[in-house]
Structures are given as C-alpha cells and as structure tokens.
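Read the structure below first, then the notes.
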Amino acid sequence: MDLRFTKTELAFRDELRAWLDDVLPSVPSPPSATDYQAARAYDTAWQRRLFDAGYAGINWPKEFGGRGATPTEHLIYIEETERARAPYVGANFVGLLHAGPTLIVEATDEQRTKHLPGILRGDDVWCQGFSEPNAGSDLAGLQCRAIRDGDHYVVTGQKIWTSNGQIADYCEMLVRTDVEAPKHRGITWVIMPMDLPGIEVRPIKTAHGNSEFSEMFLDEVRIPVENRVGAENDGWRVAMVTFSFERGTAFLSEVIAAAEDLRDLAEISKRVLSKSATAWEDHEIRREIGRLQADYDAMWAMTKRMVSQAQRTGVPGPGGSVFKLFLADVQKRATALGYQLLGRMSLAFDDLGELSHIDHVGKRIYTLTLSIAAGTSQIQRNIVAERILGLPKER
Ligand SMILES: Cc1cc2nc3c(=O)[nH]c(=O)nc-3n(C[C@H](O)[C@H](O)[C@H](O)COP(=O)(O)OP(=O)(O)OC[C@H]3O[C@@H](n4cnc5c(N)ncnc54)[C@H](O)[C@@H]3O)c2cc1C
C-alpha cells in the first residue's frame with residue numbers, strides 16, 4: 001500500500017489552491033446571520049463560482065454533473081477549502097449534501113435531470129420537511145397526511161424546525177400515505193415546490209437571535225404524484241438513505257474548521273490571563289487543548305474511512321452515527337474552552353475586539369444544536385448499539 005499522494009492528486013491540490021488564492025480575495029464578507037435573503041444570495045453566488053470552476057458536487061458522479069473526485073481528492077478538497085476559509089456551504093446544505101445525493105441514488109432519470117443541475121449551479125435552495133411537533137426522534141410517527149387525488153397528493157399537516165424553510169425553493173418531505181399500515185410502512189418521500197398554494201412558513205426565533213428554522217403549515221397542498229421519490233409507502237427506506245448522507249458525510253468539513261478554531265483558541269490562551277499567568281501556562285488548559293487536537297486527528301482518520309466507504313458502496317454506512325456523536329461531544333468541549341478563556345467577553349455576541357476574528361461565542365451556541373439536529377445523540381447511540389454493536393433492539 002502506498003499512502004503517498006499521486007502526481008494527479010498533488011496536481012489537483014495545487015490547482016485548487018491556486019484557484020482559491022485567486023478568487024477568495026474578491027469574495028465579500030458574509031452578510032449578517034439574521035438576513036436570510038442576503039445569506040441565500042451570498043451562499044448561492046459562491047456555489048455558482050464553484051460550479052463555473054468545475055468544483056460543484058465534488059464527490060457527485062460525473063454523469064450527474066459532479067466532479068467525480070476520488071475519495072482522496074474529496075478529502076483534499078475539504079482540507080483546502082476549510083484551511084483557506086472559503087465560504088461555508090450554508091443555504092446549499094440540504095440540496096448539495098443530502099437531498100441531491102438521495103436523488104442520485106433513488107430518483108428517476110426525469111427527476112434527476114430536473115433537479116440536480118439547479119442544486120449544483122446554486123439556482124435552487126432546498127429544505128428538509130421531516131420533523132413534526134410530535135415526530136422528531138420518533139420520526140416514523142409523523143402524521144402529515146397525503147391523500148391521493150388523481151395525479152396529485154393533497155397534503156395537510158404541520159412540519160417544524162425546517163432549516164432555511166423561508167428561503168427554499170424545494171422541500172424534501174415525508175408524508176403519511178397510509179394510515180392503516182404499521183407506522184414505518186405508510187410513509188412516502190416527496191419533493192414539494194415551496195411556491196405551491198397552501199404553504200405557510202412561519203420563522204421561529206432561536207436563542208441565537210436569528211430564525212434559522214421555521215414552522216411549516218400545509219393546507220391541502222397539491223403535490224404532483226410525479227414528485228414522489230421511490231415507491232408509495234416506501235419513504236422510510238428512502239429517508240434512511242437521506243440520513244446516511246446527512247449523518248455520514250454532511251458534517252465532515254466541520255472537523256477541519258474546528259481544528260483551525262482550536263489553533264485560534266491556543267493563540268488566545270497565550271494572550272489572556274488565568275489567575276496570575278497566561279492561560280497557556282495553566283497546564284490543565286494546555287492539556288485540554290492537546291486532547292482536543294488528538295480528538296480532531298481521530299475524527300479526521302474516521303473521515304477518511306467514511307469517505308472511502310461511501311465511495312465504494314455509494315451510500316455512507318452507520319459509522320456516520322459514531323462520527324456525529326463524537327463531533328457533537330468534542331465540539332461542546334472545544335467551545336466550552338472558548339468560554340473559559342474569553343471569560344466576560346463571552347457575553348458579547350460578536351465583537352471580541354482585537355482578540356480573534358472567529359465568532360467563538362456564536363460557535364458555542366451553535367454546537368448546542370449538534371446533539372439534536374439530524375437525530376439526537378441518544379438516537380445516534382441507539383443506532384450504534386443496534387446496527388454496529390448488534391445489541392438487542394429498543395422496544
Ligand atoms: C439546528 C437544528 C436544525 C434542524 N433542522 C431540521 C430540518 O431542517 N428539518 C427537519 O425536519 N428537522 C430539523 N431539525 C429537527 C431535529 O431533527 C429534531 O429536533 C430531532 O430529531 C429531535 O426531535 P425533537 O426535537 O422532537 O425531540 P424529541 O424526539 O422529543 O426528543 C426529546 C429528548 O428525548 C430523547 N429521546 C427521544 N426518543 C428517545 C429514544 N428512543 N431513546 C433515547 N432517548 C430518546 C431525545 O434524545 C431528546 O433528548 C433541526 C433541529 C435543530 C436543532
């Protein structure tokens with residue numbers, strides 16, 4: 001086994017690095033986190049630049065418009081874009097990282113032709129309408145009802161926690177098409193255009209002060225049957241494909257970004273005081289910084305494994321749950337360290353003066369959501385127990 005980069009991989013890195021060096025100086029600063037239309041414009045403009053330069057859908061197969069990068073090139077792409085602090089995938093998260101990949105695996109040719117180019121070009125923003133007020137961890141209990149009426153499903157019900165719901169063009173949505181069947185067998189995965197009559201999106205204000213997600217009220221929304229992905233009542237299986245991408249590969253770039261943030265925290269620790277010396281001289285703080293660095297190294301090793309596994313099988317395995325669980329825990333520790341170092345300055349929402357250009361405080365609030373979004377940590381533990389360790393199923 002030769003673990004060195006090949007000439008082609010090194011050339012890919014050089015080409016990408018040169019492109020990033022060239023374009024990033026002309027990319028404006030991101031807009032305020034509370035202006036969602038501006039954030040959409042910013043994120044989709046970056047996606048368009050990636051598309052024009054041939055980097056959109058880096059690991060999507062070439063036949064579906066992606067770059068078709070090898071696992072190693074994919075990892076190089078994550079490393080280089082994060083190290084250069086290129087814009088985050090942002091509003092394109094759902095489309096690019098799990099709805100699009102689900103369509104590649106599960107949709108018809110017509111559906112792929114209709115939707116994949118818009119995601120890659122940054123023309124279309126997607127959201128996810130899975131959770132409901134009484135169906136989060138117990139997602140299979142969802143009740144949003146779809147009644148067949150000729151060539152349409154007529155959908156009535158409520159969704160909640162729909163990230164980017166207020167700026168999305170399409171929604172990957174789960175609806176109940178059979179109320180008599182056992183709960184996992186009466187669900188269907190559909191594509192809902194967000195401009196259909198009967199959809200009301202009400203933003204929810206979060207502790208962070210923004211409205212990253214919304215409630216969605218659906219009143220007899222007529223969704224064409226041709227928008228169904230997979231068979232009627234087979235939506236639970238399709239949703240598992242979506243989750244394998246969402247939990248498996250969607251959060252990978254966070255590891256590199258987090259390791260960069262840790263370097264920033266190490267610098268901060270040399271400039272702030274803990275008791276009578278700098279925080280860096282406090283051996284407990286230094287030890288925690290070292291432990292966190294080791295944890296990020298371990299996660300990057302896991303990342304490599306998952307990327308190559310996803311490439312081999314087409315779909316990431318349940319190992320993504322181990323990664324997501326670990327990421328949520330490590331990120332909580334890392335950002336808690338930020339609070340400890342910044343002390344009273346943590347109370348500020350954004351202005352840390354000369355100390356750091358990174359919003360460590362905002363990151364702390366964000367990491368609290370990591371153990372809930374895309375399936376809570378308890379649910380990931382259940383998956384690890386049942387699907388990896390082979391322990392008895394939860395009743
Ligand atoms: C930032 C963020 C963005 C989100 N974006 C979206 C989105 O775009 N689209 C979408 O559809 N949803 C989204 N969600 C919703 C998310 O998927 C749910 O919040 C999550 O699945 C948990 O569901 P719940 O909130 O109903 O909590 P519950 O399911 O009510 O869980 C409450 C608590 O009980 C625990 N629990 C529940 N069942 C079990 C069990 N069987 N074993 C052990 N413990 C259990 C949970 O772990 C949790 O601690 C988002 C959430 C967040 C935080």
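The values are calculated or read from the model by the stated rules, or taken from the named source; none is laboratory data. Note that the structure is a prediction, hence the values are computed from the model and not measured. Cβ sites come from the backbone with ideal geometry, for glycine too, and all protein chains shown count toward neighbours.
Considering the stretch 147-161, and only residues there that are under 25 Å from Glu246 (Cα atoms) and out of contact with any Cys (no Cβ under 9 Å at 6 or more places or on another chain), the residue that is farthest from the ligand (Cβ to nearest atom) turns out to be Ile160. Could you check the stretch 206-252 and list, in sequence order, the residues that are among the aromatic types (Phe, Trp, Tyr) and surrounded by fewer than 17 Cβ atoms within 10 Å (Cβ to Cβ)? If the condition is that a residue be among the aromatic types (Phe, Trp, Tyr) and surrounded by fewer than 17 Cβ atoms within 10 Å (Cβ to Cβ), then Phe217 is the only one that fits. Within the stretch 39-66, which residues are under 18 Å from the mean Cα position of the chain (by Cα) and among the acidic types (Asp, Glu)? Asp43, the sole residue that qualifies. Restricting the first member to the stretch 199-217 and to residues that are outside the structural domain of Ala38 (by TED's automatic domain parsing) and away from the ligand (no atom under 13 Å from the Cβ), and the second to residues that are aliphatic (A, V, I, L, M) and at pLDDT 85 or above, the beta-carbon pairs closer than 7 Å and six or more apart or on different chains are Ile199/Met216; Ile199/Leu218; Ile199/Val221. Collect the residues in the stretch 174-185 that are part of a strand (DSSP E or B) and either surrounded by fewer than 24 Cβ atoms within 10 Å (Cβ to Cβ) or more than 13 Å from the ligand (Cβ to nearest atom) (or both), keeping them in residue-number order. Result: Arg176, single match.
One residue is enough: does the stretch 244-264 have a residue meeting the conditions farther than 20 Å from His98 by Cβ and touching a His at 6+ places or on another chain (Cβ under 9 Å)?
To start, the set of residues in the stretch 244-264 that are farther than 20 Å from His98 by Cβ comprises 258-264.
Imposing the further condition that a residue be touching a His at 6+ places or on another chain (Cβ under 9 Å) reduces the set to 261, 264.
Yes; the residues of the stretch 244-264 include at least one that is farther than 20 Å from His98 by Cβ and touching a His at 6+ places or on another chain (Cβ under 9 Å).
The selection criterion, being more than 24 Å from Ser253 (Cβ to Cβ) and either in a helix (DSSP H, G or I) or free of Cβ contacts under 8 Å to residues at least 24 places away in the same chain (or both), holds for Arg287.
Restricting attention to the stretch 290-330, the residues being buried (at least 21 other Cβ atoms within 10 Å of the Cβ), among the small types (Gly, Ala, Ser) and either within 20 Å of Pro61 (Cβ to Cβ) or free of Cβ contacts under 8 Å to residues at least 24 places away in the same chain (or both) number 2.
Among the listed residues Gly57, Gly68, identify the single one that is free of Cβ contacts under 8 Å to residues at least 12 places away in the same chain, in a loop (DSSP other than H, G, I, E, B) and on the phi > 0 side of the Ramachandran plot. Answer to the check: Gly68. Restricting to the stretch 369-384, and then to whatever is assigned to a helix (DSSP H, G or I), without any contact (Cβ under 8 Å) to a residue 60 or more places away in the chain and out of contact with any Leu (no Cβ under 8 Å at 6 or more places or on another chain), can you tell me which residue is farthest from the ligand (Cβ to nearest atom)? It comes out as Asn382. Under the condition of being buried (at least 17 other Cβ atoms within 10 Å of the Cβ) and either modelled with pLDDT under 95 or among the acidic types (Asp, Glu) (or both), the residues counted in the stretch 101-134 number 3.
Has the stretch 226-243 got at least one residue that is over 26 Å from Gln311 (Cα atoms), of a type in the set (Ser, Thr, Tyr) and touching a residue at least 24 places away in the same chain (Cβ under 8 Å)? No: the stretch 226-243 contains no residue that is over 26 Å from Gln311 (Cα atoms), of a type in the set (Ser, Thr, Tyr) and touching a residue at least 24 places away in the same chain (Cβ under 8 Å). Looking only at the stretch 135-149, residues that are surrounded by fewer than 19 Cβ atoms within 10 Å (Cβ to Cβ), among the small types (Gly, Ala, Ser) and either closer than 22 Å to Gly95 by Cα or touching a residue at least 60 places away in the same chain (Cβ under 8 Å) (or both) come to 3 in all.
Quick check, is Met192 within 15 Å of the ligand (Cβ to nearest atom), within 21 Å of Gly136 (Cβ to Cβ) and touching a Lys or Arg at 6+ places or on another chain (Cβ under 7 Å)?
no
On the basis of being modelled with pLDDT under 85 and closer than 18 Å to Asn210 by Cα, does Leu352 make the cut? It is false that Leu352 is modelled with pLDDT under 85 and closer than 18 Å to Asn210 by Cα. Cβ-Cβ below 7 Å, separation at least six or inter-chain, first residue in the stretch 104-125 and farther than 19 Å from Thr242 by Cα, second among the aromatic types (Phe, Trp, Tyr): which pairs? Listed pairs, sorted by first residue: Arg121/Phe51; Gly122/Phe51. Checking the structure you have, find out if any residue of the stretch 162-173 is farther than 17 Å from Glu215 by Cβ, buried (at least 21 other Cβ atoms within 10 Å of the Cβ) and more than 16 Å from the ligand (Cβ to nearest atom). Scanning the stretch 162-173 turns up no residue that is farther than 17 Å from Glu215 by Cβ, buried (at least 21 other Cβ atoms within 10 Å of the Cβ) and more than 16 Å from the ligand (Cβ to nearest atom). Scanning the stretch 120-131 for residues being touching a Leu at 6+ places or on another chain (Cβ under 6 Å) and outside the structural domain of Ala168 (by TED's automatic domain parsing) gives a total of 0.
In the stretch 242-265, what count of residues is obtained for those that are assigned to a helix (DSSP H, G or I) and either at pLDDT 95 or above or hydroxyl-bearing (Ser, Thr, Tyr) (or both)?
Qualifying residue count, the stretch 242-265: 3.
When Lys275, Lys270 are checked against the criterion of being modelled with pLDDT under 85, more than 24 Å from Glu80 (Cα to Cα) and not assigned by TED's automatic domain parsing to the domain that holds Val175, a single residue qualifies: Lys275.
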